[in-house]
1. Which condition from (1) touching a residue at least 40 places away in the same chain (Cβ under 8 Å); (2) touching an Asp or Glu at 6+ places or on another chain (Cβ under 9 Å); (3) outside any strand (DSSP E or B); (4) small (Gly, Ala, Ser) is the one that Gly101 breaks?
2. Give all pairs with beta carbons closer than 6 Å in which a residue from the stretch 208-222 that is closer than 14 Å to Ala299 by Cα meets a residue that is in a loop (DSSP other than H, G, I, E, B); count only pairs at least 6 apart in sequence or on separate chains.
3. Considering only the stretch 1-88, give the helices (runs of 4 or more DSSP H) lying wholly within it that have at least 3 residues that are under 26 Å from the mean Cα position of the chain (by Cα) and within 26 Å of Pro129 (Cα to Cα).
4. The conditions are (1) at pLDDT below 90; (2) more than 20 Å from Ala108 (Cβ to Cβ); (3) surrounded by 15 or more Cβ atoms within 10 Å (Cβ to Cβ), and Lys16 fails exactly one of them. Which is it?
5. Restricting the first residue to the stretch 274-287 and requiring it to be without any contact (Cβ under 8 Å) to a residue 12 or more places away in the chain, which pairs with a second residue that is of a type in the set (D, E, K, R) meet a Cβ separation below 9 Å and a spacing of at least six or different chains?
6. Quick one: is Ile37 in contact with a Lys or Arg (Cβ under 6 Å, 6 or more places away or on another chain), assigned by TED's automatic domain parsing to the domain that holds Pro147 and surrounded by 15 or more Cβ atoms within 10 Å (Cβ to Cβ)?
7. If you scan the stretch 107-149, which residues turn out to be among the polar types (S, T, N, Q) and either surrounded by 17 or more Cβ atoms within 10 Å (Cβ to Cβ) or touching a residue at least 12 places away in the same chain (Cβ under 8 Å) (or both)?
8. Name the residue, out of Leu265, Leu215, that is over 23 Å from the mean Cα position of the chain (by Cα) and modelled with pLDDT under 85.
Amino acid sequence: MDFLKNDKRVLGVSRKVSTQVFFNSGSIDITGFMNGIDIESEVKFYKFNEYVTTGKPMDLKYVPNSIILGKPLAQKLLADIGDVIQITTPQGERFPLKVVGYYQSGLADFDKTQSFVNTSTVQTILGKPNSYITDIQVKLYDIKQAPAIAKEYAKVFDTNTEDIQTANAQFETGNNIRNIISYAVGITLLIVAGFGIYNILNMMIFEKMDTIAILKATGFAGVDVKRIFLFISISIGITGCFAGLLFGYILSSIIERLPFETAALPTIKTFPVDFNPLYYIIAIIFSLITTFFAGWFPARKASRVDPVIIIRGK
């Protein structure tokens with residue numbers, strides 16, 4: 001742990017003692033896991049407090065022989081805050097623990113079996129010294145380096161390591177697919193809007209053939225005509241872009257206030273909306289590029305109009 005703390009890539013390190021136990025509910029024993037954690041490190045580095053839906057996480061440190069149960073597990077045990085439950089170790093020894101909170105990660109299968117206590121409590125229950133731990137959790141400054149650093153530590157310490165990307169591979173795959181679909185839909189909508197601007201300018205050119213011919217006959221070059229139509233196109237893009245961003249921000253702000261409660265996201269009470277400025281910047285850049293190309297082709301066509309042919313036809 002001293003080696004890990006001195007690694008400049010590491011933000012923080014916390015120890016953990018995990019063991020399988022039986023939660024006694026009358027004559028029924030429910031299999032589960034007890035996780036001994038350094039509560040201060042968990043709150044600081046892993047936002048443990050955000051998953052404790054009832055009670056105070058720091059009670060694990062200040063209340064002797066206390067435990068935080070996964071909410072589905074607590075419902076199975078019919079355990080309320082302040083109740084004392086019995087657990088049995090694999091060695092057959094029983095210990096009473098006081099319930100001080102409920103934990104809810106959003107993964108029902110995980111919460112049905114998990115509980116959390118102070119590290120020293122597990123060590124006492126197992127009859128182990130203070131130096132006994134089963135896991136070391138490492139928080140990095142850059143989460144993207146986790147797979148490479150995990151392999152490095154596995155070689156250095158000759159032990160098993162698991163990075164967060166591997167542990168959550170299924171979730172990451174689903175998240176990536178959703179992002180691809182979202183961006184595909186957004187890009188498609190912007191391209192369709194670009195074709196709309198293209199059609200508008202194309203029709204405008206047909207309607208303004210006489211004006212274009214007069215401009216060119218009075219000394220305007222093809223480049224000048226092209227600039228005029230590009231200016232119109234980009235003006236449409238800028239106006240539509242900022243009007244759309246403003247309307248989208250207002251609509252997002254309204255949606256953010258809508259009630260949204262689900263067991264999968266226990267800490268979320270309203271509809272989750274991400275106001276990341278990067279999304280707005282991407283929208284501005286893409287809309288300007290789309291409208292530029294949507295106006296460039298009609299503008300090029302207008303710049304090639306022969307005024308003699310148009311005026312002769314009149």
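The values are calculated or read from the model by the stated rules, or taken from the named source; none is laboratory data. Values in this document were obtained by computation on a predicted structure and should not be read as measured data. All Cβ positions, glycine included, derive from the backbone under ideal geometry; neighbour counts span all protein chains shown.
1. (3)
2. Once the first residue is closer than 14 Å to Ala299 by Cα and sits in the stretch 208-222, its partners that are in a loop (DSSP other than H, G, I, E, B) give Ile212/Val305.
3. Working: elements: 2-5, 39-46, 59-62, 71-77.
In the stretch 1-88, the matching helices (runs of 4 or more DSSP H) lie at 39-46.
4. Condition (1) is where Lys16 drops out.
5. none
6. yes
7. Within the stretch 107-149, Thr113, Gln114, Ser115, Asn118, Thr119, Ser120, Thr121, Gln123, Thr134, Gln137, Gln145 meet the criteria.
8. Leu215
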